[in-house]
1. Just to be sure I understand, how many residues within the range 3-32 are in a loop (DSSP other than H, G, I, E, B) and within 20 Å of residue 63 (Cα to Cα)?
2. Might you check whether a residue that is closer than 24 Å to residue 201 by Cα and in contact with a strand residue (DSSP E or B) (Cβ under 7 Å, 6 or more places away or on another chain) occurs anywhere in the range 4-17?
3. Could you check the range 59-123 for strands (runs of 3 or more DSSP E) lying wholly inside it with 1 or more residues that are in the same structural domain as residue 43 (by TED's automatic domain parsing) and over 20 Å from the mean Cα position of the chain (by Cα)?
4. Given the conditions (1) at pLDDT 95 or above; (2) surrounded by 14 or more Cβ atoms within 10 Å (Cβ to Cβ); (3) part of a loop (DSSP other than H, G, I, E, B), report the number of the one that residue 41 does not fulfil.
5. Which numbered condition in (1) in contact (Cβ under 8 Å) with a residue 12 or more places away in the chain; (2) part of a helix (DSSP H, G or I); (3) within 27 Å of residue 67 (Cα to Cα) is the only one that residue 163 fails?
6. Residue by residue through the range 44-58, note down the ones that are in contact with a helix residue (DSSP H, G or I) (Cβ under 6 Å, 6 or more places away or on another chain) and in a strand (DSSP E or B).
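The values are calculated or read from the model by the stated rules, or taken from the named source; none is laboratory data. In this text, all values refer to a predicted model and were calculated from it rather than measured experimentally. Positions of Cβ are backbone-derived with ideal geometry, glycine not excepted, and every protein chain shown enters the neighbour counts.
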């Protein structure tokens, strides 16, 4: 199926190329940066797989064509100047040719600063939980929960919810956060066990609390 998009909206540089960033849609981690010409962008739009133009080889290429580590494109955005592309993708394997998840694994340490931790940690955790489905129950707590089945997992969710309530009522903020994370962890184990992708969870949050959802709530008449 050919999708309609006026590629002339994109401001390609003097070399007829535009930088294109690939970001994991689940974890929000930046995976790689490469360059596209108009043909590569068109192929990306219509195949839903990331295509680029190699400046060194002077040819088009599809990410994963030799390694099998394709980038399946979920959305395409471009910036306010229309001179940079952002792909949100579901990667099949590591994005970097070195075998790492992301090409951006080197860092410059800033004195007195720690690397920030954001909501993307939930996506990374979820991928680990999904991987534990094939794990050894003797070596992995999560794999042992999966092996015991849904009833045991629900028992743990109920237990953690009770401990969160107790912490909120009787303990300090640190303990409350600790128990909250325990509850989140076990609810994620539950959804992973049931095969519910974390994308569905994020989509429901967006439906309820995204811009359109907020506007919808505002427009509802008061009861």
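1. Residues in the range 3-32 being in a loop (DSSP other than H, G, I, E, B) and within 20 Å of residue 63 (Cα to Cα): 7 in total.
2. Here is the first cut: in the range 4-17, the residues closer than 24 Å to residue 201 by Cα are none.
No.
3. On the way: elements: 59-62, 71-78, 85-91.
The qualifying strands (runs of 3 or more DSSP E) are 59-62.
4. Against the list (1) at pLDDT 95 or above; (2) surrounded by 14 or more Cβ atoms within 10 Å (Cβ to Cβ); (3) part of a loop (DSSP other than H, G, I, E, B), residue 41 comes up short only on (3).
5. Of the numbered conditions (1) in contact (Cβ under 8 Å) with a residue 12 or more places away in the chain; (2) part of a helix (DSSP H, G or I); (3) within 27 Å of residue 67 (Cα to Cα), the odd one out for residue 163 is (3).
6. Passing the criteria: 51, 52, 53.
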